[in-house]
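The values are calculated or read from the model by the stated rules, or taken from the named source; none is laboratory data. Source: prediction; values computed, not measured. Every residue, glycine as well, gets a Cβ built from its backbone with ideal geometry; the counts of neighbours run over all protein chains shown. Calculation scope for accessible area: heavy atoms of the full protein, side chains included, ligands and nucleic acids excluded. Shrake-Rupley method; radii C 1.70, N 1.55, O 1.52, S 1.80 Å.
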Amino acid sequence: MANLPSEYEKSVLERLRNGDKKSFTILFNHYYKDLVTFAFGFLHNLAVAEEIVQEVFIKLWENRYLLEIDRSLKSYLLKSVQNRCLNWINHLKIRSEFNNHILRYPVLSENETENYLLHSDLEARLQIGLEKMPVEAAQAFRMNRFENLSYPEIAEKLGVSIRTIENRISKALSFLRDELKEFLILIALLFRMF
């Protein structure tokens, strides 16, 4: 995937930040096909790869006013697609583990069914919360909680200081506390079970 020329990319990004739809179309047309190919390498599912890349572009448009890209846009887009692919893979793994559990223990008591529904609702609300928060905070939180990376590992991967990662995760936790306050009791119970 070729980068757009640096000065041209800066100009397109600046126009995008100002809500220029033509700039968005230029970026979409330039990067879409290669990003789908990149996502397909992770997922081996073309429909899901296309959906993920489209979601990344939707998020790019929705966050255009706040867009701050330290590296090239190509790197930013690749990282965004990679993160969403890893989240999808983790989601499939969780579903597979749950299905295996159901096969081993097919009869759920009423209480277990209620706990599962609450857990599913919590997971859905967590994903919504992560989508609402600033991209950098959500990324650091996912890398720490879902990929089990330490703060130093995340800092190294993202090319920022450990203190920056601490701040981002702290912001994410604070945001999620507000977003998920009705689930706090459930969260406490779930963590005690594991």
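How much net charge surrounds E131 when only the other residues with a Cβ under 14 Å from the Cβ of E131 are counted, with Lys and Arg +1 and Asp and Glu -1? So the surrounding residues net to 0. Put simply, the amide H of L149, placed in the peptide plane, has neighbours under 5 Å in N144, leaving out anything fewer than 5 places away on its chain. Length gained on full extension, S161 to R125, computed as 0.36 nm times the residue gap minus the Cα-Cα distance: 10.0 nm. The stretch between Q54 and I89, if pulled fully straight at 0.36 nm per residue, gains 10.9 nm over its current Cα-Cα span.
Compute the FRET efficiency between R145 and Y32 as 1/(1 + (r/R0)^6), taking r as their Cβ-Cβ distance and R0 = 30 Å, and round to the nearest 0.05.
Values: r = 30 Å, r/R0 = 1.00.
Efficiency at R0 = 30 Å is approximately 0.50.
Listed by chain and number, the lysines placed with their C-alpha closer than 16 angstrom to that of K79 are K33, K59, K157; residues fewer than eight positions away on the same chain are left out.
Expressed as a whole percent, the accessible surface of the range 1-82 that belongs to carbon and sulfur atoms is 53, based on a 1.4 Å probe.
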